[in-house]
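Below you'll find the structure, written out as structure tokens, and then a few comments.
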Amino acid sequence: MILLFIVFCPIVAALAILVGASPRRTALWAAGLTLAATALAYLGGFEAGQRGFQFVSSYPISSDWRINFTLGIDGLSLMMLVLTAVVTFTAIWFTGKITQYEHAFYACLLFIAGGAMGAFASLDLVFFYAFHELALIPTFLLIGIWGSGNRQAAAWKITIYLATGSFILLLGLIMLYRSVPEAARSFDFRALQKVASTIPAEAQSNIFLMLLIGFGILISLFPFHTWAPEAYASAPAPAAMLHAGVLKKFGLYGLLRLALPLLPEGAQHWSTLLIVLLLGNIIYVGLVTIAQKRLDWMLGYSSVMHMGYIFLGIASGTLLGTAGAAVLIFAHGISIALLFGIAGEIRERSGTLLLTDLGGLGKVMPRAALAFGLAAFASIGLPGFANFTGEVMVLFGTFRNGANPDHFTIFQIATVLALWGVVISAVYMLRAYRSVFMGALRESWSGLTDLRRGLRVPIGILVAMSLWFGFFPQSFVRIVSPTFKSYFAPKP
């Protein structure tokens, strides 16, 4: 029952807001209760180290089609629920004054949260896909109605890209369903796992490619990445926090949940292609990020760039690398949410995020400078933050795949090239911090106000989560590792 509450609390609250409930108060209460219920599942009833799904509940929908509304979590999905609950609560807290359609704005945020929760907790392909579509629709509305800059073009662009990705993904899921013997066909993840070995290698290759393209577009895999920076730059800060921090991770979760365990031969067949594309995220997009002139565009491109490291962990073919990808999903979601939240506060006060127009804001906005600095250090991968743990696990795990004392394989080459991404991310993030918070303060910015004291709560939560899993990564790894132990045999 606790999963039903976690999934439907934001959705019910969104409906209540649409029919007249107090928008901000209702949204905060719903997000807070969802966060509390998720923490209760994490701290109370969940048994770390146990394989398989827990808190499973199933409700028949169609016996003819074998469709059931089934919820359940393992370590991977639990951490995705925790990420969603934390980012939702902080995004709503960061929301400032909404001048038009306030009820619809908060309802859209809650629908995104509820859709993401449902997708991560679903054990049925139909609802896994449907909940994600539920979360996408309000994303388009938030950008098109409440966005800034060229918001209409950004809304149309993200709509076209993500609708295309969702359609390709749907085709891949249908192919997956039809690839198993008719008598064993099921939409249930657990049933598919049992019969995955019956899928021929050629079919695995074709299905994995479809899923990679579909999920890849949703994740902004190079070269399908151009929608993301413009969308995040145009979106209101809470929407950018939720989409970049949570919803974009749906594709990564889908690859870890479906593609790797069900289609191992397909994953191995396309590993070289995936490595080439993810290096485009890390190297090419990283260099493009350095060239950005606006803080919001820089953050958007940096988010795309860091997806490359998570893809590298997925492509690593090792338990260490895949677990590192899961850690990095969580860590990046926390750090990018805080960065977009602070950027939104700066835009609200100054009216601009052009790096050349800013400077010296640390003198009048010391709390913002501290919070942004901590998030920037986390994003760079400074030791002590969860991002560092994830990146180290990914890099070591990838390097170990096919290690040969005589020559480098493509995995070792990819690891060496990916290391340069760490340097690139340090360049653009520290350059942005210097341009915004250091240097001489313009006279026109002398009257700017710092972050309101109430924002200490969401900032403190995000920073504490990043530091906790940075200093105590085993508290995360011991929960997610059992999920991946059935995917790969441990490497010597």
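The values are calculated or read from the model by the stated rules, or taken from the named source; none is laboratory data. If you're wondering where the values come from, they're calculated on a predicted model, not measured in any experiment. Reconstructed Cβ throughout: ideal geometry from the backbone, glycine too, with neighbour counts over all protein chains shown.
Once the stretch 215-234 is narrowed to residues that are surrounded by fewer than 24 Cβ atoms within 10 Å (Cβ to Cβ) and not hydrophobic (A, V, I, L, M, F, W, C), the residue that is nearest to residue 182 (Cα to Cα) is 223. Looking across the stretch 259-300, just one residue is hydroxyl-bearing (Ser, Thr, Tyr) and crowded, with 24+ Cβ neighbours inside 10 Å, and that is 289. Of all residues in the stretch 164-191, exactly one satisfies the criterion of being surrounded by fewer than 12 Cβ atoms within 10 Å (Cβ to Cβ) and part of a loop (DSSP other than H, G, I, E, B), namely 181. Annotation: of all residues in the stretch 359-386 being in a loop (DSSP other than H, G, I, E, B) and buried (at least 21 other Cβ atoms within 10 Å of the Cβ), the one that is farthest from the chain's Cα centre (by Cα) is 365.
Identify, please: which residue in the stretch 56-96 is part of a loop (DSSP other than H, G, I, E, B) and at pLDDT below 85 and is, among those, surrounded by the most Cβ atoms within 10 Å (Cβ to Cβ)?
66
Residue-by-condition table, conditions (1) hydroxyl-bearing (Ser, Thr, Tyr); (2) surrounded by 14 or more Cβ atoms within 10 Å (Cβ to Cβ); (3) closer than 21 Å to residue 238 by Cα; (4) in contact with an Asp or Glu (Cβ under 6 Å, 6 or more places away or on another chain):
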position	(1), (2), (3), (4)
2	no, yes, no, no
5	no, yes, no, no
13	no, yes, yes, no
20	no, no, no, no
24	no, yes, yes, no
29	no, yes, yes, no
32	no, yes, yes, no
40	no, yes, no, no
54	no, yes, no, no
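For the stretch 200-211, the criterion of being farther than 30 Å from residue 271 by Cβ and either part of a helix (DSSP H, G or I) or free of Cβ contacts under 8 Å to residues at least 12 places away in the same chain (or both) is satisfied by no residue at all.
For the stretch 192-206, a residue qualifies if it is small (Gly, Ala, Ser), at pLDDT 85 or above and buried (at least 16 other Cβ atoms within 10 Å of the Cβ), and the qualifying residues are 203, 205.
Taking the condition more than 24 Å from residue 248 (Cβ to Cβ), out of contact with any strand residue (DSSP E or B) (no Cβ under 9 Å at 6 or more places or on another chain) and part of a helix (DSSP H, G or I), does residue 194 pass? Judged against the criteria, residue 194 is a match.
The set of residues in the stretch 20-58 being closer than 17 Å to residue 104 by Cα and within 23 Å of the chain's Cα centre (by Cα) consists of 27, 28, 30, 31.
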